[in-house]
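The values are calculated or read from the model by the stated rules, or taken from the named source; none is laboratory data. Keep in mind that this is a model prediction, so the values were computed, not measured. All Cβ positions, glycine included, derive from the backbone under ideal geometry; neighbour counts span all protein chains shown.
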Amino acid sequence: MGGHPLREQFPSDTWFSIVRGRVAPGMLSFLVSVILPSILLLFLSIELQGWFLGLFWLALSVAVLVYCVEFIDIETAFDDQLAWLGSLQDEDNLEKLLQSRNNFVETITYRVFRSMVPVLFWFLILGPAGALFYALCHHYLGNLEEDNSATELLERILFWMEWVPARVNIFIFALLGEFNRTWEVCVDSFFETEDAVTTSLYHAANAAVNTSRKEFSSVGDFIGQTEIDLNLLQPLLQRSFWGWLGVAAILTILGL
């Protein structure tokens, strides 16, 4: 992940620490740290929509979106994975190699999704306040101790905030990749409310690039097939990323 100049100037961790130093821990801290700024931004954005033909609202929206999105260097992540493949030896354990490959695909697919999709989705639904609420929830969860009473609540909030955009993203995978296989995953995902979003996106990404092989006869066989899969997965993720921007631009132009 690259640097984020705006977040370096206004780090959410500092804000959370200030609130915790002045407010009792638990749900009250969450209300002040996350919900209150989102509500204030909602009222501010509504007020600014009529100022100077909405230019102040536009400037605020751009600033919030830039703050909320994550910067992911997709090319470097895939280059590192390909370099790892090149370092493998014939005596390496195939089962462990396959697990490492699957972990990478699951992680990079979710990171690319999380970096922008939920932020953009909730911006389109609720404006800048929706994008900020999602981003602050994610940052706040990352700052909680494992035994914090608010952890389970935050996880459920984020799960449902990601549930709908994840299904839309899976549908985009179907349009960009192997449609029939991915469409089956897409349909099944609408009836799934327990599996993590990471799992649904992982299965959809594998289906989109038609990764059906689970057993390999040798490390060389694994390397060759995995290189093919990665060279298909990288453009899939990049096209889906820009596809979301295109959808947002069209909806903005239409005034929806």
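If you check THR193, THR182, which single one turns out to be hydroxyl-bearing (Ser, Thr, Tyr) and part of a helix (DSSP H, G or I)?
On the way: THR193 fails: part of a helix (DSSP H, G or I).
Answer to the selection: THR182.
In region 195-207, is there at least one residue being surrounded by fewer than 18 Cβ atoms within 10 Å (Cβ to Cβ) and at pLDDT below 90? Walk me through how you get there before you give the answer.
Taking region 195-207 first, the residues surrounded by fewer than 18 Cβ atoms within 10 Å (Cβ to Cβ) are 195-196, 198-199.
From the residues that got through so far, the ones that are at pLDDT below 90 too are 195-196.
Yes, some residue in region 195-207 is surrounded by fewer than 18 Cβ atoms within 10 Å (Cβ to Cβ) and at pLDDT below 90.
Only residues that are assigned to a loop (DSSP other than H, G, I, E, B) and surrounded by fewer than 16 Cβ atoms within 10 Å (Cβ to Cβ): list them for region 39-87, please. Steps first, answer last, please.
So in region 39-87, the residues assigned to a loop (DSSP other than H, G, I, E, B) come out as 49-50, 69-73, 87.
Correct list: GLN49, GLY50, PHE71, ASP73, SER87.
Looking at LEU94, LEU120, which one is over 20 Å from the mean Cα position of the chain (by Cα) and surrounded by 14 or more Cβ atoms within 10 Å (Cβ to Cβ)?
Numbers: LEU120 fails: over 20 Å from the mean Cα position of the chain (by Cα).
After ruling out the rest, the residue left standing is LEU94.
If you check TRP160, TRP183, which single one turns out to be among the aromatic types (Phe, Trp, Tyr) and within 16 Å of the chain's Cα centre (by Cα)?
Details: TRP183 fails: within 16 Å of the chain's Cα centre (by Cα).
None of the other options fit; the residue is TRP160.
Among the residues of region 130-153, how many are surrounded by 19 or more Cβ atoms within 10 Å (Cβ to Cβ) and either in contact with a Ser or Thr (Cβ under 7 Å, 6 or more places away or on another chain) or not small (Gly, Ala, Ser) (or both)?
Number satisfying all stated conditions: 7.
So which residues in region 191-213 are of a type in the set (Phe, Trp, Tyr) and touching a helix residue (DSSP H, G or I) at 6+ places or on another chain (Cβ under 7 Å), if there are any at all? Steps first, please.
Within region 191-213, the first condition is being of a type in the set (Phe, Trp, Tyr), and the residues that meet it are 191, 202.
TYR202, the sole residue that qualifies.
Out of all the residues in region 167-198, which are of a type in the set (S, T, N, Q) and in contact (Cβ under 8 Å) with a residue 60 or more places away in the chain? Spell out the reasoning first.
Keep residues of region 167-198 that are of a type in the set (S, T, N, Q), which gives 169, 180, 182, 189, 193, 198.
Matches in region 167-198: ASN169, THR198.
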